[in-house]
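**Q** Got a structure for you, questions after.
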Amino acid sequence: MEFKLIIKKLNNTLSEEEATIFQDWYNESNFHRAYFKKVKENYHNEIVLIDIEKGWKEVEQKIKPVAVNKTGYLKYAVAAAIVLLISISFLFNNGKDREVVVPVITNNTIKTGTDKATLTLEDGTLIALEKGEQYISENLESDGEALVYKGSSVTSKEMVYNYLTIPRGGQYHIVLSDGTEVWLNSDSQIKYPVTFIKGETRQIELVYGEAYFDVTPSTANNGSKFKVRTESQEIEVLGTEFNISAYKDERAIYTTLIEGKVAVINGKANTILSPSQQSIIVKEKNGINVVKADVYSVTSWRKGVFSFDNMPLENIMKVLARWYDVDVVFANPNLMNEHFTGVLRKNQNIEDILNSIQTTNNIAYEINNKTITFK
């Protein structure tokens, strides 16, 4: 069993198949039950980033004669358990010859992201949507966390578009007029019709950024197909749930299927994805590469969690920079390729996360207003 199933159990997001795997593991031994209990007790106190490959070499010396399972699961689980139960400060900075670095905080003005967006109406009017604030008009309403369009009983003849723009440090949920739900991550923008024309293809555009889609079926919309356009690709929806990451500062566009089927089209190339598959399209190039995806890690952002699996620090900080709206500088370029595995709550203070990175690999950092510098 993979450690991420324990995290999913704690978040109540296990599928039926995963729940069976977890329960079999849980019933297998007293050690498993005690381990899960301890992880559960510590889970809400602090979720940390850990460097499995580096940390395990030190962990292994402390827990002998525990055997290492060839699948790598036991290695991951025990390392995580020790991180949670003994603390990473003791575990990774116990070397006598190691000089422990101290972070420098000049003026920390960094805030955790929240629900916020800017709605651009068809006449160009800008509406600020913020958590705790209501906005109501004839065909839509917002409670500050979600924007909901009302289905129109009138058959529209002219397509009218709105834009929803999510800034860095923001996220938002929108329900389109056909009932399709879209969750937008930080630094994203979507273009969509106020009302879809009956009988015509329902088409929207993810201008940039990341979005999770739960699409209402064509059978509930007079047979109308649903398509999503992004830079370099078009998605024709043959099923229900999928995630698209199409950030401006990324070299590729990633489409991950959760349920149903989608057809991915890139010029003359096209492919149909099955659940747990991900298509990768490198911008300005032809062709589609399909790989097996870690669906939990890809989509966890929608449920208030960031999950990183052996990811370079450079990529981790790109994700965190969008959510915390910060600039990141690597004064020491070698640190960009330090790899980490772990799970973070999106409501965590940025200093807690940086302290986990600093403690794990003894990496020095500095915060000056909204700029984070790794030294």
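**Q** In the stretch 116-126, what residues are of a type outside the set (Ser, Thr, Tyr) and out of contact with any Phe, Trp or Tyr (no Cβ under 6 Å at 6 or more places or on another chain)?
**A** Of everything in the stretch 116-126, those that are of a type outside the set (Ser, Thr, Tyr) and out of contact with any Phe, Trp or Tyr (no Cβ under 6 Å at 6 or more places or on another chain) turn out to be LYS116, LEU119, LEU121, GLU122, ASP123, GLY124, LEU126.
Here is a yes/no grid of residues against (1) surrounded by 19 or more Cβ atoms within 10 Å (Cβ to Cβ); (2) at pLDDT below 95:
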{"position": "ALA269", "(1), (2)": "no, yes"}
{"position": "VAL291", "(1), (2)": "no, no"}
{"position": "SER300", "(1), (2)": "yes, yes"}
{"position": "SER307", "(1), (2)": "yes, yes"}
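**Q** Go through (1) within 16 Å of the chain's Cα centre (by Cα); (2) closer than 17 Å to ASP249 by Cβ; (3) open to solvent by 40 Å² or more (accessible area, probe 1.4 Å); (4) of a type outside the set (Gly, Ala, Ser) for TRP323 and report which single condition fails.
**A** Of (1) within 16 Å of the chain's Cα centre (by Cα); (2) closer than 17 Å to ASP249 by Cβ; (3) open to solvent by 40 Å² or more (accessible area, probe 1.4 Å); (4) of a type outside the set (Gly, Ala, Ser), only one is false for TRP323: (3).
**Q** Identify, from the list LEU126, LEU176, LEU206, the residue that is open to solvent by 50 Å² or more (accessible area, probe 1.4 Å) and modelled with pLDDT of 95 or more.
**A** Only one candidate qualifies: LEU126.
**Q** If you take the residues in the stretch 156-173 that are assigned to a loop (DSSP other than H, G, I, E, B) and either under 23 Å from ASP123 (Cα atoms) or of a type in the set (S, T, N, Q) (or both), which one is least open to solvent (accessible area, probe 1.4 Å)?
**A** Going through the qualifying residues, I end up with SER156.
**Q** Being in contact with a Pro (Cβ under 6 Å, 6 or more places away or on another chain) and at pLDDT 85 or above is the requirement here; does ASN337 meet it?
**A** yes
**Q** Could you grab the pairs with beta carbons closer than 7 Å, sequence gap of 6+ or different chains, first residue in the stretch 223-241 and in contact (Cβ under 8 Å) with a residue 12 or more places away in the chain and aliphatic (A, V, I, L, M), second one crowded, with 18+ Cβ neighbours inside 10 Å and in a loop (DSSP other than H, G, I, E, B)?
**A** Pairs that qualify, where the first residue is in contact (Cβ under 8 Å) with a residue 12 or more places away in the chain and aliphatic (A, V, I, L, M) and the partner is crowded, with 18+ Cβ neighbours inside 10 Å and in a loop (DSSP other than H, G, I, E, B), are VAL237/VAL215.
**Q** Mind checking which helices (runs of 4 or more DSSP H) fall wholly inside the stretch 260-375 and carry at least 1 residues that are touching a Gly at 6+ places or on another chain (Cβ under 7 Å)?
**A** 313-324, 350-361
**Q** Just to be sure I understand, how many residues within the stretch 18-53 are in a helix (DSSP H, G or I), at pLDDT below 80, surrounded by 11 or more Cβ atoms within 10 Å (Cβ to Cβ) and out of contact with any helix residue (DSSP H, G or I) (no Cβ under 8 Å at 6 or more places or on another chain)?
**A** Final tally of qualifying residues: 3.
**Q** Then there's this: Any idea how many residues of the stretch 263-314 are among the polar types (S, T, N, Q), closer than 28 Å to HIS173 by Cβ and touching a His at 6+ places or on another chain (Cβ under 9 Å)?
**A** Total satisfying the criteria: 0.
**Q** Consider GLU338 against the criteria (1) of a type outside the set (Val, Ile, Thr); (2) at positive phi; (3) touching a residue at least 60 places away in the same chain (Cβ under 8 Å): it satisfies all of them except one. Which criterion is unmet?
**A** (2)
**Q** While we're looking at this one, here's another question. If a residue must be within 10 Å of ILE372 (Cβ to Cβ) and either without any contact (Cβ under 8 Å) to a residue 40 or more places away in the chain or among the acidic types (Asp, Glu) (or both), how many such residues does the stretch 320-335 contain?
**A** Of the residues in the stretch 320-335, 2 are within 10 Å of ILE372 (Cβ to Cβ) and either without any contact (Cβ under 8 Å) to a residue 40 or more places away in the chain or among the acidic types (Asp, Glu) (or both).
**Q** Of the residues LYS150, LYS131, which single one is over 19 Å from GLY304 (Cβ atoms) and open to solvent by 40 Å² or more (accessible area, probe 1.4 Å)?
**A** On inspection, the qualifying residue turns out to be LYS150.
**Q** Kindly indicate the residue of the stretch 329-350 that is within 15 Å of VAL104 (Cβ to Cβ) and touching a strand residue (DSSP E or B) at 6+ places or on another chain (Cβ under 7 Å) and also least open to solvent (accessible area, probe 1.4 Å) among those meeting that condition.
**A** Taking the candidates together, the pick is ASN332.
**Q** Is it true that THR230 is more than 12 Å from VAL282 (Cα to Cα), surrounded by 18 or more Cβ atoms within 10 Å (Cβ to Cβ) and among the β-branched types (Val, Ile, Thr)?
**A** yes
The values are calculated or read from the model by the stated rules, or taken from the named source; none is laboratory data. Only a predicted model underlies this, so the values are computations on that prediction, with no experimental measurement involved. Reconstructed Cβ throughout: ideal geometry from the backbone, glycine too, with neighbour counts over all protein chains shown. Side chains included, ligands, DNA and RNA excluded: accessible areas come from the protein's heavy atoms. Shrake-Rupley method; radii C 1.70, N 1.55, O 1.52, S 1.80 Å.
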